[in-house]
Each structure stands twice: as structure tokens, then as C-alpha cells.
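A short worksheet on the structure shown next.
The values are calculated or read from the model by the stated rules, or taken from the named source; none is laboratory data. Everything numeric here is computed off the predicted structure, so don't read it as measured data. FYI the Cβ positions are ideal-geometry reconstructions off the backbone, even for glycines, and counts take in every protein chain you see. What goes into the accessible areas is simple: the full protein's heavy atoms, side chains included, and nothing from ligands, DNA or RNA. Shrake-Rupley method; radii C 1.70, N 1.55, O 1.52, S 1.80 Å.
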Amino acid sequence: MKDNVPATRLALIERIVKAAPAQGGARRRAAEAAFLRVYFRGVADEDLRARPAAELAAIALSHCALGQRRAAARSCVRVFNPDPVRDGFQSPHTIVQIVTDDMPFLVDSVGIVFARHQVAMHLIVHPVVAL
């Protein structure tokens, strides 16, 4: 295991890295690959297997793009129904992307709000990316 990530998950993540759209130069692609490896390291194997690798890559890179627009010490939230032309991917579910400083109970708090409004969560990805 690399950094306590099971080998099976690492293989699934590499499948996602390979499915990412080849945009930009080699430097950008290397940065995106590194981001994808961090982004999905805590996601269960079953969740990574349940969705197309290209869709997972596009969702993660969309989340990364949101983070790149974030000002320091500010939060960014995007709630949208993906459109293949606009977003480069589709999903039968509404996507909620949050980029903020790491804080205790963030994921639990969001989950509580969704539960109160009877909104089902189909996949939670909570990467902590140090910048």
C-alpha cells in the first residue's frame, strides 16, 4: 500500500487518471493527474467502480477549477445539474461542490442539512488538499 491506500484503490484511481481529458500541455496534465490521485484516495473502491472513470475525472477537475477561482479564506459553493456541453460531463444527480478551508465537522454539517431537507447523497468525496 502506498500511504495506506490499498493497491486495489490505487489501480482504480489510475483508471480515472487515464480517463481524464488530455487538455493543455504535459505540465498541466501532470498537475491534474497528481490532483486526481489526491482527490480520490479516500473514496471507497465500490464508489470508484460504480461510475465511469471519465465522469469521475471530469467531476473532480470541475471541482479543482472551482477551487482555483477561490480567494484565500473564502468559501466557494457550486450547485448544478451538469450539462455535457457546458461542463464536459453528465450525471443523473445534482452536483454540490464546496471549496473552503478545512474545518471540523464540515462534512457532517452538510450531511445534516441535506438530511433535514430529505436530499439523498449518492457520493461524498472529501479530499483535503494542502496548498
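List of remarks:
- Test: residue 126 is in a loop (DSSP other than H, G, I, E, B), in contact with a helix residue (DSSP H, G or I) (Cβ under 8 Å, 6 or more places away or on another chain), touching a residue at least 12 places away in the same chain (Cβ under 8 Å) and under 24 Å from residue 15 (Cα atoms): yes
- Residue within the range 101-113 that is part of a loop (DSSP other than H, G, I, E, B), within 16 Å of residue 17 (Cα to Cα), free of Cβ contacts under 8 Å to residues at least 40 places away in the same chain and open to solvent by 40 Å² or more (accessible area, probe 1.4 Å) present: no
- Of residues in the range 40-74 being in a helix (DSSP H, G or I) and open to solvent by 70 Å² or more (accessible area, probe 1.4 Å), the one nearest to residue 19 (Cα to Cα): 49
- For the range 11-27, the condition of being surrounded by 13 or more Cβ atoms within 10 Å (Cβ to Cβ), part of a helix (DSSP H, G or I) and free of Cβ contacts under 8 Å to residues at least 24 places away in the same chain holds for at least one residue.
- Answer from 90, 118, 97 - the residue that is open to solvent by 70 Å² or more (accessible area, probe 1.4 Å), within 24 Å of residue 24 (Cα to Cα) and either part of a strand (DSSP E or B) or not acidic (Asp, Glu) (or both): 90
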